[in-house]
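Heads up, the thing below is written out as structure tokens.
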Amino acid sequence: MEINKLADLNSLRTAPLLSSRQEKKLLEELETNIYNADWITIGIMAPSDTKAIEALQSISNKYSLIKFGNLDSLHADGCVFLKGNQKTGNVFVRSENGLGEGILITCQYDQDSAESSTFGPFPLNFFLI
């Protein structure tokens with residue numbers, strides 16, 4: 001399957017391998033959505049809590065307005081699902097088997113009339129580019 005736009009990721013359960021060209025194009029489209037959102041929530045499916053936290057930190061490092069606290073207190077065994085909310089700063093992690101791997105970004109809006117949109121899954125290292 002060719003990945004050329006965010007919508008191409010919608011049917012995937014796990015993040016695809018992407019070329020540099022694909023990463024750049026997807027990131028450009030995603031950033032338009034992120035900057036137009038009032039806040040985002042982040043879901044990370046990873047093989048360990050350490051990998052999930054590293055992926056979350058890569059997002060915070062790339063975008064100075066997206067920060068989370070108390071990451072040192074997070075722990076779950078085995079495969080995990082981590083959820084972070086930019087608006088509240090809260091982050092939770094739980095063990096969960098049977099998930100794919102990747103990052104999901106949901107753009108949220110203060111206005112009830114604006115519908116949230118979820119994008120991904122992106123590779124765990126996607127925001128290191």
Subject >> Residues (of a type in the set (A, V, I, L, M) and within 11 Å of ILE40 (Cα to Cα)) located in the range 61-91 >> reply: LEU65, ILE66
Original post:
Is it the case that the range 53-64 has a residue that's modelled with pLDDT of 95 or more, more than 25 Å from ASP110 (Cα to Cα), of a type in the set (Ser, Thr, Tyr) and out of contact with any Leu (no Cβ under 7 Å at 6 or more places or on another chain)?
Top reply: no
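Among what's in the range 41-78 and is of a type in the set (D, E, K, R) and surrounded by 13 or more Cβ atoms within 10 Å (Cβ to Cβ), pick the residue that is farthest from the chain's Cα centre (by Cα).
Initially, the range 41-78 is screened for residues of a type in the set (D, E, K, R), giving 49, 51, 54, 62, 67, 72, 77.
Right, trim to surrounded by 13 or more Cβ atoms within 10 Å (Cβ to Cβ) and you get 49, 51, 54, 62.
Details: ASP49: 14, LYS51: 13, GLU54: 12, LYS62: 12 Å.
That would be ASP49.
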**OP:** Count, please, the residues in the range 85-99 that happen to be touching a residue at least 40 places away in the same chain (Cβ under 8 Å) and either surrounded by fewer than 13 Cβ atoms within 10 Å (Cβ to Cβ) or among the aliphatic types (A, V, I, L, M) (or both).
**Re:** 3
Subject >> Matching residues in the range 100-129 - criterion: being surrounded by fewer than 19 Cβ atoms within 10 Å (Cβ to Cβ) and in contact with a Leu (Cβ under 8 Å, 6 or more places away or on another chain) >> reply: GLY100, GLU101, THR118, ILE129
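The values are calculated or read from the model by the stated rules, or taken from the named source; none is laboratory data. Remember, it's a predicted structure, so these values are computed and weren't measured experimentally. Positions of Cβ are generated from backbone atoms using ideal geometry, with glycine treated the same way; all protein chains shown enter the neighbour counts.
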